[in-house]
Amino acid sequence: MGPEGDAARPGRFFGVYLLYCLNPRHRGRVYVGFTVNPTRRVQQHNGGRKKGGAWRTSGRGPWAMVLIVHGFPSAVAALRFEWAWQHPQASRRLAHVGPRLRSEAAFAFHLRVLAHMLRVPPWVRLPLTVRWLRADFRCDLCPPPPPHMPLTFGPPPPRAAAPKRRAGPLADLESEPDQDAEACCALCARSFQDEEGPLCCPHPGCRLRAHVICLAEEFLEKEPGQLLPLEGQCPGCKNSLLWGDLIWLCQMGTEEEEENLELEEEHWTDMLET
């Protein structure tokens, strides 16, 4: 478990979780769902449909949220992961995963499916975190997650607030000499569209601003055939950058209310087939 796994991170939270039923009458049942707020969501499940819970969990509680996978770039990406985890037999990406065995518990089967999902595209390229929320349910995943996916324990860390941008005449004067240069991508020299935010290098002194696609292609030059980069070297300052961190930083300052996150516009990775 790396230190970055529990550090507060900026941006929005998209997670896909696994519930386990603690009711003796229904013990062993599981449920896979999507959430932007794990604490609130498990309370909704245990409160029944009138409190916003799902019909499959209503009246069968209490439920424990034992595991969550988070770090998805958008709500749509997380929802597609949720669907594939719920219906592995219908996903062509998981055709190699055998069906549930008669002697296999539902919990063990869902962990087996999850382990394989984290090892196949497009999910193997995402900066995901696998987090056990209940230590007493922890099991080793086989196969284990890729090295770039940290395995962590405990509740998700709080989201860090996005730093406020400097405002006022002084800030305008300081940025005026480079205003034209910063309005264009450093890699293709084309201007940024109003609806797309450029990726910016977080290292002090580096003024790199680039289109998401342009920088992704730059990072993938050493990995032909891949769709999503894991890391690369900044073309400006030559420092090493993690792709997942760049995406999180790009989303800073654009956070919406959690109640509206299900209506999030599609991310560029959402067109990947599952």
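What to note about this one:
- Cα shape, the range 10-141, gyration tensor, a/c 1.5 rule: oblate
- Lys, Arg +1 and Asp, Glu -1 on Cβ, resulting dipole of the range 15-151 about Cα centre, debye, nearest 20: 440
- Rolling a 1.4 Å probe across all protein chains gives S240 an accessible area of roughly 80 Å².
- Computed from backbone phi, the HN-Hα couplings of the range 21-36 come to 7, 9, 5, x, 6, 10, 4, x, 6, 10, 8, 10, x, 10, 8, 10 Hz, rounded to whole numbers (Karplus: 6.51 cos²θ - 1.76 cosθ + 1.60, θ = phi - 60°; Gly and Pro given as x).
- Convex hull of Cα atoms in the range 88-127, direction-averaged projection (nm²): 2.9
- Counting only heavy atoms of the protein chains and using a 1.4 Å probe, D136 has close to 110 Å² of accessible surface.
- Its relative contact order, with pairs defined as Cα atoms under 8 Å and 6+ residues apart, puts the range 29-159 at 23 percent.
- The Cα atoms of the range 66-152 give a gyration tensor whose axes a ≥ b ≥ c have a/c of 1.5 or more with a/b no greater than b/c, which makes the shape oblate.
- Distant-in-sequence amide H partners of F14 (H built 1.01 Å from N, under 5 Å): G71, F72
- Ranking R12, R56 from most to least accessible surface, computed with a 1.4 Å probe over the protein chains only, gives R56, R12.
- Each pair of Cα atoms in the range 193-243 enters the Kirkwood radius, and Stokes-Einstein at 20 °C and 1.002 mPa s then converts it into a translational diffusion coefficient of 187 µm²/s.
The values are calculated or read from the model by the stated rules, or taken from the named source; none is laboratory data. Owing to the predicted nature of the structure, the values given are computational and were not obtained by experimental measurement. Glycine gets a Cβ as well: all are built from the backbone with ideal geometry, and neighbour counts include every protein chain shown. The area values use the complete protein model at the heavy-atom level, side chains included, leaving out ligands, DNA and RNA. Shrake-Rupley method; radii C 1.70, N 1.55, O 1.52, S 1.80 Å.
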